[in-house]
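One structure is given below, encoded as structure tokens.
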Amino acid sequence: MKKYILIVLVIIGTQVQGQTWTNYTSVDGLIEGNIYSMVEESNGDIWFVDWVEETTAGIGKFDGTNWETFAQGDGPSSNTYRKVFKDKDGLLWFGSFLNGNGIDTYDGENWINYSRTDGLLDNDITDICPGNFGTIWFGVSGSDAGGISNFDGMMFTNYTSLSGLVSDSVLSLLLAKDGTCLLYTSDAADEEDS
């Protein structure tokens, strides 16, 4: 039995007032699985990620007319993703999950993978958040290790409960206006100066 996932994209503008809804499914080209995160590029392209292991592609892109999918082996290192994030320079970051392969970046032409072998705390990414001074924070909740990893463009700095976090199971991140990185863990909320 083929599973169809319904996603509703609200077209911003005069149509938002409840006049027009457009439904897309895998029949239209949307990736199969549970869409867990979306981001829009400045050109209007919308990127989607799913984190269901049985899907054929974990990343999809919609330009308003055409759908494109990206599967493991086509550039991405995984087919299961929980988060997509666009940084201030337009680079796309994809956090893999469920026995994932860490983080993939895509600049429109090239895919780069960062994993535990590069210094990332673990390969299962729960969230991605901008930090101060161009750094990127990653929530990590893997079977081997959990906490947060901060990437400065060259190397990762990792923080765990041994560093003072309340819990190693980080589920969500937010950069507050004062520059503090707020963490939501499975045990309690925490904060780290970014």
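The table for this structure:
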read-out: Simple spin-label estimate for TRP21 and GLU41 in nanometres, 7 Å along Cα-Cβ; value: 2.9 nm
read-out: Amide hydrogen neighbours beyond the local backbone of MET38, cut-off 5 Å, H modeled; value: VAL84
read-out: Note, ³J(HN,Hα) from phi for segment 175-185, Karplus 6.51, -1.76, 1.60, rounded to Hz, x at Gly and Pro; value: 8, 6, 4, 7, x, 7, 8, 8, 10, 10, 10
read-out: Theoretical gain in end-to-end length, SER163 to GLU68 [0.36 nm per residue, Cα-Cα removed]; value: 30.0 nm
read-out: Tensor-based shape of segment 105-184 (alpha-carbon gyration tensor, a/c under 1.5 rounded, otherwise prolate or oblate); value: oblate
read-out: Packing-based order for 144-155, 94-105, using average beta carbon neighbours within 10 Å, highest first; value: 94-105, 144-155
read-out: Segment 71-151 shape via C-alpha gyration tensor axes, a/c threshold 1.5; value: oblate
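Each reported figure results from applying straightforward, stated rules to the coordinates on display, with no laboratory input. Note that the structure is predicted; figures quoted are calculated from it, not measured. In this analysis, Cβ positions are derived from the backbone assuming ideal geometry, glycine residues included, and neighbour counts consider all displayed protein chains.
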